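Working notes, structure below.
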Amino acid sequence: MNAFILVLSIGVQFATALYALTLIRSTGKSIGWVLLAAALTLMGIRRCITLYNQWSGFRHAHLQTELVALFISVLMFVGILFIASTIRKLRHVEEITRLNQQLERERGILNTLVERMPDAIYFKDRASRFVRVNPGACRIFGASDPESVVGKSDADFFRAGEAAEYLADEQRVMETDQPLIGKEEHECWQDGEMHWVLTTKMPWHDQHGNTVGTFGISRDITDLKAVEEALENANEELRRSNVDLEHFAYVASHDLQEPLRAVTGYCQLLERGVGDKLSAKEKSFLRGAIEGATRMHGMIEDLLEYSRVHRKGEAMGVTDMNAVFEQAKASISAAAESAHADITADPLPKITADEKQMVRLLQNLLGNALKYRGTKCPEIHVSAEDGADTWDFSVADNGIGIDPKFHEKIFLLFQRLHSRAQVEGTGLGLAICKRIVDRHGGRIWVESQPDEGATFHFTIQKSLGKTTHARMPVDA
Ligand code: ADP
């Protein structure tokens, strides 16, 4: 009997020690559990020694002592069970409180978004009746509070046509399970008010993945639309006035040529017919008139060319810029030779462009580099780089340079920085260059400092081959 009680008490003590150790894992590391396990193990060992003594007949265990020891062991086991379960319960309550706080925070964030957003946010059931709307939607609907909108549908606020369109959109969103993103809607309210809104609608799923309706957000873009429309009108107006201006420049320059030719012709006849009878002063007047008329002819020619850049531009085609460079260089060869100019170019690319206009562009830039060379022997170099969407060309010279405050002005019509007495010119060369570059979807600019030469950069769009560049409708 004693032996049985001893074995039972040893079992309970070791089991309790083992359980105390396993609790370290589930309830967290604690020195208390370790000490308890150690104490119980020692007690168990002590009981084992008593059992051994009894078996070897060395000393008999005392029944009453062993019963008390068993009772204490069972009590300790039950105590540990109780403590462990209490700790677990406390942990559980802590976890629930933490989850609740997290949930509350998430809800707060979501509520702030929905409640404070000035856009209309709404949830609708499968029949497109409002289930929940935010104050933003309420304000737009003119409703007193969100609850008063619940159960209503778009048909209660918008005209029949619009309401039917929105309903169809929402049915489609649910059927296809695909969102409707960024649709511009022209809302007509029942009271006749019109608004533009940008709407996104999504299918609304419950926790099992079933589609229970739709939800969406609509932003009022009426003001933005008005600005867009005004901008479009202004652009259209600008385009029209550009066409008018171009037409005017063309007609004026074309029609002015005839009387000008007559003036020059009659002056020359006069010079030949009565030239020897005129005094030196009268002869210089007549020369002045002829020179003025010739100059005006040059300006009219350039103006005509300017107006023809769009009007008479050729179709874009593959253009070898090396050949273009050679043509442009040949056209100014006389002036280049007399100035002992060194005109060079890197290997240039083949691009999509109007070849004649490319020749004209380089001719103007090379011609200017020669004209504004100053006292040095001109060194002019043309190069090209492959930009991402463009070909980037540059024409660099070692001439007189340009003050940065004139870098933009020189591309305007009739803008010259030098008098005719210094250098001949019409002030249209760079304006024509700019117009040609504009037509090729690029831009032109200059980098220069006085006396440090000038580098003219221009870009040509690579994608020109894919786009159509309409010529001006009115023809010569
Ligand atoms: P024009 O040469 O007939 O005067 P442009 O439109 O070709 O007209 O040039 C405008 C002005 O820009 C010129 O009067 C000149 O002062 C300046 N310019 C143009 N190219 C250069 C250059 N390579 N170096 C210095 N100045 C230049």
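The set of residues from segment 370-407 being acidic (Asp, Glu) and touching a residue at least 12 places away in the same chain (Cβ under 8 Å) comprises 379, 386, 389, 392, 397, 403.
None of 245, 256 is surrounded by 11 or more Cβ atoms within 10 Å (Cβ to Cβ), aliphatic (A, V, I, L, M) and in contact with a helix residue (DSSP H, G or I) (Cβ under 7 Å, 6 or more places away or on another chain) except 256.
Looking at segment 397-415 only, could you name the residues that are under 39 Å from the mean Cα position of the chain (by Cα) and near the ligand (Cβ under 9 Å from one of its atoms)? Across segment 397-415, the qualifying residues are 397, 401, 402, 406, 409, 410, 411, 412, 413, 414, 415. Condition test on residue 311, is it among the basic types (Lys, Arg) and either free of Cβ contacts under 8 Å to residues at least 40 places away in the same chain or in contact with a Cys (Cβ under 8 Å, 6 or more places away or on another chain) (or both)? For residue 311, the condition - among the basic types (Lys, Arg) and either free of Cβ contacts under 8 Å to residues at least 40 places away in the same chain or in contact with a Cys (Cβ under 8 Å, 6 or more places away or on another chain) (or both) - is not met.
Within 16 Å of the ligand (Cβ to nearest atom), modelled with pLDDT under 95 and on the phi < 0 side of the Ramachandran plot: does that describe residue 438? Spelling it out, residue 438 is indeed within 16 Å of the ligand (Cβ to nearest atom), modelled with pLDDT under 95 and on the phi < 0 side of the Ramachandran plot. Scan segment 416-426 for residues that are near the ligand (Cβ under 8 Å from one of its atoms) and either touching a residue at least 60 places away in the same chain (Cβ under 8 Å) or more than 24 Å from residue 242 (Cβ to Cβ) (or both) and the total you get is 6. When 319, 294 are screened for being among the polar types (S, T, N, Q) and in the same structural domain as residue 243 (by TED's automatic domain parsing), only 294 passes.
Is it the case that segment 257-264 has a residue that's in contact (Cβ under 8 Å) with a residue 12 or more places away in the chain and either basic (Lys, Arg) or under 27 Å from residue 186 (Cα atoms) (or both)? Yes, segment 257-264 contains a residue that is in contact (Cβ under 8 Å) with a residue 12 or more places away in the chain and either basic (Lys, Arg) or under 27 Å from residue 186 (Cα atoms) (or both).
The set of residues in segment 447-467 that are within 12 Å of the ligand (Cβ to nearest atom), surrounded by fewer than 21 Cβ atoms within 10 Å (Cβ to Cβ) and assigned to a strand (DSSP E or B) comprises 447, 455.
This table checks each residue for (1) of a type outside the set (A, V, I, L, M, F, W, C); (2) part of a strand (DSSP E or B).
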position	(1), (2)
187	yes, yes
198	no, yes
213	yes, yes
219	yes, yes
230	no, no
239	yes, no
247	yes, no
257	yes, no
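Filtering segment 333-378 to residues that are more than 14 Å from the ligand (Cβ to nearest atom), of a type outside the set (Val, Ile, Thr) and under 38 Å from the mean Cα position of the chain (by Cα) leaves 345, 346, 347, 348, 349, 350, 353, 354, 355, 356, 357, 358.
The residue that is surrounded by the fewest Cβ atoms within 10 Å (Cβ to Cβ), counting only those in segment 189-229 that are of a type in the set (S, T, N, Q) and over 20 Å from residue 170 (Cβ atoms), is 207. Residues in segment 127-143: is at least one free of Cβ contacts under 8 Å to residues at least 24 places away in the same chain and exposed (fewer than 14 other Cβ atoms within 10 Å of the Cβ)? Within segment 127-143 (the criterion being free of Cβ contacts under 8 Å to residues at least 24 places away in the same chain and exposed (fewer than 14 other Cβ atoms within 10 Å of the Cβ)), the answer is yes, since at least one residue qualifies.
Residues that are of a type outside the set (Ser, Thr, Tyr) and in contact with a Gly (Cβ under 9 Å, 6 or more places away or on another chain) within segment 180-204 comprise 180, 188, 189, 191, 198, 201, 202, 203, 204, listed in sequence order. Screening residue 208 against (1) within 23 Å of the chain's Cα centre (by Cα); (2) part of a loop (DSSP other than H, G, I, E, B) leaves a single unmet condition, (1). Listed residues 315, 369, 353; which is among the small types (Gly, Ala, Ser) and within 30 Å of residue 451 (Cβ to Cβ)? The conditions single out 369.
The values are calculated or read from the model by the stated rules, or taken from the named source; none is laboratory data. The model shown is predicted, which means the values in this text are computed figures rather than measured ones. In this analysis, Cβ positions are derived from the backbone assuming ideal geometry, glycine residues included, and neighbour counts consider all displayed protein chains.
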